[in-house]
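Below you'll find the structure, written out as structure tokens, and then a few comments.
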Amino acid sequence: REAEIKHSRIAMLAAAGWPLSELYHGPLAGAAGLPFGLDPTQGRAPSLLNGNLAESAPLLVLAVLFASYLECRTLDQVHGLTATGRTLRAGQPVELTYSPGDLGFDPLSLYDFWGRLMPPLVEARAAVDDEYRLDWLVYHRRVMEAAEIKNGRLAMLAITGYA
């Protein structure tokens, strides 16, 4: 699940970024006074199949370093995936409440967006019943997680089509 979410997020960014890079490269290069860099590929973004991916080697090295940093950062959060096979803090085992793909980065609070939009009757009940409010939020967070997985799978197929 962890790998699927990470690959889905990368694919969603790529599915949006690939066509945008082809559409806006010319205007952005012209505005910055730079030459049009997509001439070798006839205006297409460099990829493995059109033979121009090697030109982006420094950027690929940076991407691999950043991905390695994220992997090392999440390794401690996943229970049982540390070098010793258990997660310890101050010498004591820790039970972690980690969900796959949770990097603690949600600046727009999108995971809780639908949970915060409560109809008036639900909001009235949630105001007096904390357990009901928590169940409402957990349910809508799972709905958002399922939507992320489904859109990520579609994006992975889209990227395969772009290549």
Hey, what did region 100-163 get for relative contact order, percent, Cα under 8 Å, at least 6 apart? 34 percent
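By average Cβ neighbour count within 10 Å, what is the ranking of 124-137, 4-17, 61-74 from highest down?
Result, highest mean Cβ count within 10 Å first: 4-17, 124-137, 61-74.
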Fully extended contour minus Cα-Cα distance, from A29 to F113, at 0.36 nm per residue: 26.5 nm
Taking 0.36 nm per residue of separation between S68 and E4 and subtracting their Cα-Cα distance, the length gained on full extension comes to 21.4 nm
Per the rule of 0.36 nm per residue minus the C-alpha distance, extending R44 to A57 adds in nm 2.9 nm
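Values quoted throughout were computed directly from the atomic coordinates according to the rules given, and no laboratory measurement underlies them. Nothing here was measured: the structure is a model prediction, and the numbers come from that model. Please note: Cβ atoms are built from the backbone with ideal geometry, for glycine as well, and neighbour counts cover all protein chains shown.
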